[in-house]
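What follows is a short report on a single structure.
The numbers here are math on the coordinates, done by the rules we state, and not lab data. A quick note: this is a predicted structure, and the numbers were derived from the prediction, not measured. Here the Cβ positions follow ideal geometry from the backbone for every residue, glycine too, while neighbour counts run over all protein chains shown.
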Amino acid sequence: MNAIFLGVMMFTLLLSIGVLHIVWGFGVVWPAKNGKQLVSWVVGARGIHAMPPLPQCLIAGIGIIFFGIIALLLGNAVASPLSPEWVNMLGMLSALIFAGRGVAGYFPSWRRRFPQEPFATFDRYSFSPLCLVLAAGYVALVILRIM
């Protein structure tokens, strides 16, 4: 697979997810019908009945977009001001972070912390597997860079 293609695809996905987090911070409830439903879909924590405040949503969204930029750098889709070693280290760190989040979704302690449905089901069958796929994508991009 072409590294540029993989990097751009990962960036596009992460940009979309990051923008969603940002607009949620401004009160947009899409794809849900209302705020309560959105919380049950994307937060899932016991006792939480409202979306996180704007600063938290902005930090999450910008952070997710930053991970997308790392994918672009790894795929050589954009010029990097960083040395190749730093880009590779950022790639492996990204892989570890996404792998950790992906694996965490299957632990009972995670499920106790985020038991609200349908989040728990979405997490088990979509969010956690997506994180594991993204982790594999970062590893693949790093391997393609050093080959």
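Of the residues making up segment 108-129, just one is surrounded by 13 or more Cβ atoms within 10 Å (Cβ to Cβ), of a type in the set (S, T, N, Q) and within 28 Å of I69 (Cβ to Cβ), namely S128. Evaluate the following for G63: is it farther than 21 Å from F122 by Cα, outside any helix (DSSP H, G or I) and without any contact (Cβ under 8 Å) to a residue 60 or more places away in the chain? Spelling it out, it is not the case that G63 is farther than 21 Å from F122 by Cα, outside any helix (DSSP H, G or I) and without any contact (Cβ under 8 Å) to a residue 60 or more places away in the chain. Residues of segment 40-50 include at least one that is of a type outside the set (D, E, K, R) and touching an Asp or Glu at 6+ places or on another chain (Cβ under 9 Å).
Screening the candidates E85, E117 for the property of being among the acidic types (D, E) and outside any helix (DSSP H, G or I) yields one hit, E117.
Evaluate the following for G105: is it surrounded by 13 or more Cβ atoms within 10 Å (Cβ to Cβ), in contact with an Asp or Glu (Cβ under 7 Å, 6 or more places away or on another chain) and in contact (Cβ under 8 Å) with a residue 24 or more places away in the chain? Against the criterion (surrounded by 13 or more Cβ atoms within 10 Å (Cβ to Cβ), in contact with an Asp or Glu (Cβ under 7 Å, 6 or more places away or on another chain) and in contact (Cβ under 8 Å) with a residue 24 or more places away in the chain), G105 qualifies.
When both residues are 6+ apart or on different chains and their Cβ atoms are under 8 Å apart, which pairs have a first residue that lies in segment 12-23 and is among the hydroxyl-bearing types (S, T, Y), and a second that is assigned to a helix (DSSP H, G or I) and surrounded by 18 or more Cβ atoms within 10 Å (Cβ to Cβ)? Qualifying pairs under 8 Å: T12/G68.
The residues on offer are S80, S94, and the sole one that is polar (S, T, N, Q) and over 12 Å from the mean Cα position of the chain (by Cα) is S80.
Does G27 fit the bill of being surrounded by fewer than 16 Cβ atoms within 10 Å (Cβ to Cβ), within 27 Å of R113 (Cβ to Cβ) and among the small types (G, A, S)?
yes
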